[in-house]
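J.: Okay, handing you the structure first.
The values are calculated or read from the model by the stated rules, or taken from the named source; none is laboratory data. As the structure is a computational prediction, the values presented were derived from the model and not from experiment. Every residue, glycine among them, receives a Cβ derived from its backbone with ideal geometry; neighbour counts consider all protein chains shown. We work out accessible area using only protein heavy atoms, side chains counted, and drop any ligands, DNA or RNA first. Shrake-Rupley method; radii C 1.70, N 1.55, O 1.52, S 1.80 Å.
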Amino acid sequence: MDELLVKQIITAWYYLSCLPDTLPTTGPESSVNSLLTFSLSPEWVEDIGEEGAVNQALEVALFNFLPRNEAGIFKISTRGPAIIVLPDVLET
């Protein structure tokens, strides 16, 4: 893996693990909890390829944080274990 990408993932993990306590904890009903058991749909991989399947799975998981702005950046409005594993999912 590219050294810059490794540094970015580590930085993302650090920031996401230090979110302020003023943010509410993600509830059990949140779609972001699917990141805790992230996997790709074999059907989606077959239909649209691995990259497309990853994008689709992330969009479903991060649905509660949409819409994104023009730069593709979304606002993180909760904290918790599912948010912290996002960099691990991206690394995988």
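J.: Taking the Cα centre of the chain as origin and charging only Cβ (+1 Lys, Arg; -1 Asp, Glu), how large is the dipole, in debye to the nearest 20?
T.: 540
J.: With a cut-off of 14 Å, note down the residues of the stretch 48-84 whose backbone N falls inside the zone around a label point 7 Å from the Cα of T25 toward its beta carbon.
T.: Flagged as within label range: 78-84.
J.: Which one of G27, G49, G80 has the biggest mean-square fluctuation once the chain is modelled by GNM with Cα springs under 10 Å?
T.: Sorting by GNM fluctuation, first place goes to G49.
J.: Return the single residue from E29, E50, E59 with maximal mean-square fluctuation; model: Gaussian network over the chain, springs between Cα atoms under 10 Å.
T.: E29
J.: Moving to a separate point now. Taking amide H positions as placed 1.01 Å from N in the peptide plane, with prolines and chain starts having none, which residues 5 or more places from L19, or on another chain, fall under 5 Å of its amide H?
T.: Close amide H contacts, sequence-distant or interchain: none at all.
J.: Treating the angle as unsigned and between 0 and 90°, give the value, to the nearest 10°, between the Cα long axis of helix 3-17 and the longest Cα principal axis of the chain.
T.: Helix 3-17 sits roughly 50 degrees off the main axis of the chain.
J.: Let me ask something else about it. At a 1.4 Å probe, what is the % contribution of carbon and sulfur to the accessible area of the chain?
T.: So the carbon and sulfur contribution to the accessible surface is 58 percent.
J.: Additional query: Excluding ligands, DNA and RNA, what is the solvent-accessible area per residue of the chain at a probe of 1.4 Å, expressed in Å²?
T.: That works out to 71 Å² for each residue.
J.: Nearest 10 degrees is fine. How inclined is helix 42-61 to the longest principal axis of the chain, computing both from alpha carbons?
T.: Helix 42-61 sits roughly 10 degrees off the main axis of the chain.
J.: Under the definition of Cα pairs under 8 Å and six or more residues apart, what whole-number percent is the relative contact order of the chain?
T.: It comes to 46 percent, rounded to a whole number.
J.: Work out the P(r) tail for the chain: percent of alpha carbon pairs separated by more than 23 Å, whole number.
T.: 26
J.: Using modelled backbone amide H atoms (1.01 Å from N, in-plane), which distant-in-sequence or interchain residues come within less than 5 Å of T25's amide H?
T.: Here the answer is R79, since their amide H atoms fall under 5 Å of that of T25.
J.: Apply the Karplus parameterisation 6.51 cos²θ - 1.76 cosθ + 1.60, with θ equal to phi minus 60°, to every residue of the stretch 20-33 and state each ³J(HN,Hα) to the nearest whole Hz, in sequence, with x for glycine and proline.
T.: These are the phi-based 3J(HN,Hα) values: x, 5, 6, 6, x, 6, 4, x, x, 7, 5, 5, 5, 5 Hz.
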